[in-house]
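Everything on this sheet refers to the single structure shown next.
The values are calculated or read from the model by the stated rules, or taken from the named source; none is laboratory data. Values in this document were obtained by computation on a predicted structure and should not be read as measured data. All Cβ positions, even for glycine, are placed from backbone atoms using ideal geometry, and neighbour counts span all protein chains on display. Surface areas here come from the heavy atoms of the whole protein model, side chains and all, with no ligands, DNA or RNA. Shrake-Rupley method; radii C 1.70, N 1.55, O 1.52, S 1.80 Å.
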Amino acid sequence: MDRLKEAFYIKSLELKNEMRQVLKEHGSRKMDEVSLQQIFGGMRGVKSMIWETSALDPVEGIRFRGLSIPELKDKLPSREGDTEPLPEGLFWLMLIGELPTEEDVNWLSDDWERRRNVPEHTLRVIDSLPIDTHPMTQFITGISSMQTNGIFTKRYAEGMSKSDYWDPMYEDAMNLIASLPTLAAYIYRRSYFKGEHIAPDDTLDWAGNFAHMLGVSDNPKFMSLMRMYMTIHADHEGGNASAHTTHLVGSTLSDPYFSFAAGMTSLAGPLHGLANQEVIKWIFNMVEELGTNEPTDDQIRKFVHETLGKGQVIPGFGHAVLRRPDPRFIALKRFAEENIENDPTVNIVWKMFEIVPPILQGLGKVKNPWPNVDAHSGSILVHYGLDQYQYYTVLFGVSRALGVLASLCWSRALGMPLERPKSVTYDWIKTQLAK
Ligand code: HAX
């Protein structure tokens, strides 16, 4: 058994036993109450799931196993010559709750390198789609088609015991994560570079090699960006749509390929991960309409009002949980301040950071007027030459695999049951209110 798998197995056995005991003693204790507003309002804030890999505070933002984004930058190993954390380190931390050493991270890079093969038939399935198929459609199709390699489903069919679920779950999760950069780079080169693919570089880490295979920029800062991008998008506790979908589908004992493909269909919605493409599309439309890439504050303000006037949302602003500027937005801003000088798209994003929140506040209904992660990520990608914004959600998806698949391993190791919340009819509500 490999070192990470063994550590995970030992930790999960301990926690499983402890949780069983706690449930036995305190199972009937009330932890939450649900209001009518919450039933109608997309279940905001209803506590209903165990998610070990990260937790989201409305004001502080995300913490991965207790560590904030700046703390991750300080504490996780980075590649020599780079200061951004390696996503391998975050995966290690999320999976077993311990900070990895440099040696651990190197081992994981090598392990994912060994596992990164994408089956030939997956490439053929993608090639059969029209060339202008949205990259997320190609990504989801590719992930589903790799399910033929699934170990969990095969072992289940052979009659595996419940107590062994965690084992093939771990193997599938690791194989899938390892292969995602290859799959995603294949889609990018196919869609935008006439299928001129770039061979992997075995000397590189997982995210560095992904940046290399995309072939966007020779600037080493682009690789550095990919490492931090893959780290900060990885997890946002369990209630967000892509995580929750993966969790829900996984609870039926669908394997990681099916569960993650389902999660990606959630990420592809414009209120969730597709917002990163919508932000740049919105900015490019504004620039084109105004005929300048240096719009004044008043011009931006007018464009924001026009968007709202059409009954549309301002992409990249607002959040279902956060009530402050998203720390992931702040991390990207920090990266841009350190590495990018006077870029027109980045400048527009910074102007919007000042201009949009008071306008949204003025509507009197927006609970969080501040920017989220998607407000900033695209402008930095544009700076390095990755301006095919329809591709952005695939990048988000590759990163999100780290958190949701680590959590899926935990769900199976802890013996989490089929998820099945209760729905009610409006008549039932009226009857309750009349009582
Ligand atoms: N622009 C205009 N109106 C907005 C808004 C925005 N950016 N954010 C919220 N509102 C509106 C809502 O549409 C809602 O209006 P109605 O009552 O007329 O339906 C009202 O304000 C209250 O919404 P809320 O309670 O503040 O926000 P929700 O929890 O319902 O929704 C969203 C959170 C992220 C979906 C929302 O803020 C939004 O649509 N933002 C723009 C899209 C976006 O950036 N999504 C990415 C979010 C982060 C993420 O998941 N990344 O992957």
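In the chain, what is the volume of the convex hull around the alpha carbon atoms, normalised per residue and reported in Å³?
Expressed per residue, the convex hull around the Cα atoms of the chain is 167 Å³.
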Ordering 55-66, 138-149, 416-427 by per-residue average of other C-beta atoms within 10 angstrom, highest first, gives 138-149, 55-66, 416-427
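As a test of the formula, what do you get for the chain when each DSSP H run with n ≥ 4 contributes -39,500 (n - 2.57) and the sum is divided by the residue count, at 222 nm and rounded to the nearest 500 deg cm²/dmol? Provide the component values of the computation, followed by the final result.
Numbers: 20 runs with 260 residues, N = 435.
Rounded to the nearest 500, the figure is -19000 deg cm²/dmol.
At a 10 angstrom cut-off on C-beta neighbours, averaged per residue, how do the peptides 236-242, 221-227, 383-389 rank from highest to lowest?
Values: 236-242: 22.4, 221-227: 24.1, 383-389: 18.7.
Per-residue mean Cβ counts within 10 Å order the peptides as 221-227, 236-242, 383-389.
For the stretch 392-435, with every protein chain kept in place, what is the accessible area per residue (1.4 Å probe, Å²)? Let's see the in-between values first.
On the way: 2100 Å² over 44 residues.
Ligands and nucleic acids excluded, the result is 48 Å² per residue.
Report D for the stretch 370-418 in µm² per second (integer): Stokes-Einstein, Kirkwood Rh on Cα pairs, 20 °C, 1.002 mPa s. Provide the component values of the computation, followed by the final result.
Values: Rh = 13.1 Å.
Translational diffusion coefficient: 164 µm²/s.
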In this structure, among 73/302; 75/154; 194/221; 333/367, pairs with alpha-carbon gaps over 31 Å are 73/302; 75/154
Result row for the chain, helices from DSSP H with C-alpha axial extent 27 Å or more and mean Kyte hydropathy at least -0.5, is 166-192, 344-363, 392-413
The rounded separation in angstrom of the Cα centers of the stretch 42-64 and the stretch 246-276 is 17 Å
Residue-normalised value, i.e. accessible area per residue, for the stretch 47-170 at 1.4 Å probe, in Å², stands at 48 Å²
Taking a straight Cα-to-Cα line shorter than 23 Å from residue 430, and setting aside same-chain lysines fewer than 8 residues away, one finds 422
With +1 at each Lys and Arg Cβ and -1 at each Asp and Glu Cβ, the charge dipole magnitude of the stretch 1-117 around its Cα centre, to the nearest 20 debye, comes out at 760 debye
Over its alpha-carbon atoms, the stretch 336-419 yields an Rg and a Dmax in Å of 18.1, 52
Across the alpha-carbon set of the stretch 55-99, Rg over Rh with Rh taken as the Kirkwood radius works out to 0.99
Using alpha carbon centers only, the stretch 156-186 is separated from the stretch 340-389 by a whole-angstrom value of 37 Å
Taking only the alpha carbons of the stretch 188-239, the radius of gyration and the largest Cα-Cα distance, Dmax, both in angstrom, are 12.8, 39
